[in-house]
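Report on the structure given below.
A short reminder: the numbers here are calculations on the coordinates, not readings from a lab. It should be emphasised that the depicted structure is a prediction, and the values quoted were computed from it without experimental measurement. Please note: Cβ atoms are built from the backbone with ideal geometry, for glycine as well, and neighbour counts cover all protein chains shown.
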Amino acid sequence: MGIYIRGLDFYPAVVSREDGVFRADFVDIPGCRAYGATTIEVERNARQALGVHMSTLARFGRTLPAPSVVGDRGRAADRYLVYIEGPERIDAARLPERKAA
């Protein structure tokens with residue numbers, strides 16, 4: 001089970017730094033990642049990426065997986081673990097219907 005506080009989900013992401021650019025990779029959501037010039041920027045962009053990913057899944061009637069709790073994974077100078085607040089759940093019924101092409 002993930003972290004649950006006041007109705008919010010928090011998703012673990014590993015933030016790493018390579019060649020001066022920060023990258024956040026979500027542990028539970030392969031392929032969902034964000035980039036930024038600073039740790040603040042990458043964490044903000046990660047929340048946006050999570051929202052976009054959730055919206056895309058909702059269009060196909062799917063949802064994000066439940067967040068997990070992850071150990072520290074060996075903290076290093078160029079990598080750390082952060083929990084990103086997930087966006088509010090989107091009700092798939094409220095999304096506009098897609099028209100067939």
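Tell me which of GLY61, LEU50, ALA24 sits at the most positive position along the dipole axis of segment 3-85, charges placed on C-beta atoms (Lys, Arg +1; Asp, Glu -1).
The listed residue farthest towards the positive side: GLY61.
Once you have the Kirkwood Rh of segment 3-85 from its Cα pairs, apply Stokes-Einstein at 37 °C and 0.692 mPa s and quote D in µm²/s. Don't skip to the end; give the middle numbers.
Working: Rh = 13.1 Å.
Calculated translational D: 250 µm²/s.
May I ask you to sort ARG62, ARG47 by Cβ crowding, counting other Cβ atoms within 10 Å and putting the fewest first? Mind dumping the intermediate values first?
Values: ARG62 11, ARG47 17.
The most exposed by this proxy come first: ARG62, ARG47.
Along Cα→Cβ, 7 Å out, is where each label goes; now give me the distance between the ones at VAL69 and ASP25 in nm to one decimal.
2.4
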